[in-house]
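The values are calculated or read from the model by the stated rules, or taken from the named source; none is laboratory data. These numbers were taken from a predicted model, which means no experiment stands behind them. Heads up, the Cβs are rebuilt from the backbone with ideal geometry, glycines too, and the neighbour counts pull from every protein chain shown. Ligands, DNA and RNA are stripped out before the accessible areas are found, and what is left, the full protein with its side chains, is counted by its heavy atoms. Shrake-Rupley method; radii C 1.70, N 1.55, O 1.52, S 1.80 Å.
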Amino acid sequence: MPTERPKPLPILDSRLRGTRFVAHSARTVLNSPAQTGMDFWSLNPYVGCEFGCTYCYARFAHRYAVERAHDQGRLTDDEFADYRGTEGWEAFENRIFVKDHLLETLERDLRKFCRVALPPAKAEPETIVIGTATDPYQPAERIFKITRSVLDRLAQCEGLSVGIITKSPLVARDADVLIRLSQRNDLEVYVSLITTDDYIIRALEARSPVPRARLRGLKHLTDAGVRAGLIVAPVLPGITDDLPHLEALFAAAREAGARFIHASPLRMYPGIKDRFLPVLAEHFPELSARYQSAYARAANAPREYSDALTRRIQRLQKAYGFEVNNGMRDRYRSRSRIAQLDLKVPEVSRA
């Protein structure tokens, strides 16, 4: 008997520049640490992200989702070629999967989560992080409002630990539901911003909101009483890791009422190199060979560099009145002044 060909996925919306939003039925939306290898549960309302930041580690997650859907017979061959892209990373920002029937799937997943990840099964509740592989408040959220519907459902729970990561000031739209969620649960909102320098943002995050818009969104949240702060990830060696850039960022965070700042250095997986390194060579050519060498054997920055960056961030946290921490790990597992840190990267100067 011939195998039935899959039906093309419904296209829900499109942009003039070619981005398409496609309905996608996910069999699970709340992913456990055993599934992802991370220290927390993750939830992503979308697959792919219209912001398309050049350094984003989540490109491989989009490729994996496309390849898995094709292997399971849920994508036609033509869709597979279109949604994957020739190299496997190009479609991340222009073929966005919108998870339909998400609340029904979440309801099933929450039953498992409550059984295995909350007391008494665990001494402390395990954290759910929304936005680990896509921005939950990317422009599509204005139309589909999936993230808001998830937060509405979680606000009916009690005793959860929830984190949200976003670059978008659109998160401030949901201050009301975030307040309700935080009344019976532990909530933190991480506004992602790597620098206050518009030049760097436009070079490396061409479609993302400008820094001042994100900071306004952060201030709106903190003024409303939401526990929110900055996540500075990645810190880019030789570009944003010097004291002038970091001090400007810390000062802006304090002005916006940030409750915390977390930071971590660039991770560069193989698929990300293909996207990021050509852009680096275009805008920061003097750093190109240094990055090639530093990340030649591993995705993570060299240990000595990471340790030096942690010390620098901790000194700045103390100087600007933030809680000193050891990066994002503190949140998910519980609750010398040089011009550039030494990754064998020369000091950058720009007119």
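In table form, for the structure just shown:
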item	result
Shape category assigned to the stretch 224-271 from the gyration tensor of Cα positions, a/c cut at 1.5	oblate
Förster radius 25 Å - calculated FRET efficiency between VAL324 and ASN300, Cβ distance, rounded to 0.05	0.65
Whether the stretch 97-239 is rounded, prolate or oblate, judged on the alpha carbon gyration tensor where a/c under 1.5 counts as rounded	prolate
Separation between Cα centres of the stretch 280-324 and the stretch 8-87, rounded to whole Å	29 Å
Taking the stretch 231-333 and dividing mean pair separation by its residue count, relative contact order in percent (alpha carbons under 8 Å, at least six apart)	33 percent
Dipole magnitude of the stretch 1-156, debye to nearest 20 (Cβ charges: Lys/Arg +1, Asp/Glu -1, about Cα centre)	320 debye
Global form of the stretch 36-106, assessed from the alpha-carbon gyration tensor, a/c cut-off 1.5	oblate
In sequence order, calculated HN-Hα J values of the stretch 22-34 (Karplus, 6.51, -1.76, 1.60; Hz; x Gly/Pro)	10, 5, 9, 8, 9, 7, 8, 10, 10, 9, 7, x, 5
Accessible surface, per residue, of the stretch 78-148 when the full set of protein chains is kept, probe 1.4 Å, Å²	45 Å²
Relative contact order for the stretch 61-123, counting Cα pairs under 8 Å that sit 6 or more residues apart, in percent	22 percent
Sequence ranges 229-240, 168-179, ranked by mean other-Cβ count within 10 angstrom, highest first	229-240, 168-179
Within the chain, helix-based [θ] at 222 nm, where runs of 4 or more DSSP H residues each add -39,500 (n - 2.57), nearest 500	-12000 deg cm²/dmol
Amide H within-cut-off set for MET268, under 5 Å, with H built and near neighbours excluded	ASN300
For the chain, with +1 on Lys and Arg beta carbons and -1 on Asp and Glu, the positive-most of ALA26, CYS49, LEU218 along the dipole	LEU218
Fraction of beta bridges assigned by DSSP in the chain that are antiparallel (%, nearest 5)	20 percent
Net charge of neighbours whose Cβ lies under 12 Å from the Cβ of GLY159, counting Lys and Arg as +1 and Asp and Glu as -1	-2
Within the chain: Cβ-based charge dipole about Cα centre, in debye rounded to nearest 20 (Lys, Arg +1; Asp, Glu -1)	500 debye
Relative contact order (%) - criterion: Cα under 8 Å, at least six apart; region: the stretch 173-279	31 percent
Per-peptide average of other Cβ atoms within 10 Å, ordering 129-142, 255-268, 195-208 highest first	129-142, 255-268, 195-208
Share of carbon and sulfur in the accessible heavy-atom surface of the chain [1.4 Å probe, %]	50 percent
Euclidean distance between Cα centres, the stretch 93-162 to the stretch 169-200, Å	15 Å
Amide H contacts under 5 Å for VAL129, placed H, 5+ residues apart	TRP41, SER42, LEU43, GLY163
Simple label model, 7 Å out from Cα along Cβ direction - ASP82 to ASP198, nm	3.7 nm
Residues whose placed amide H lies under 5 Å from that of ASN185, excluding near-sequence neighbours	GLY159
Count of Lys pairs (Cα-Cα under 24 Å; at least 8 positions apart or interchain) in the chain	11
Lys/Arg +1, Asp/Glu -1 at C-beta; the chain dipole; positive extreme among TYR291, PRO244, SER208	PRO244
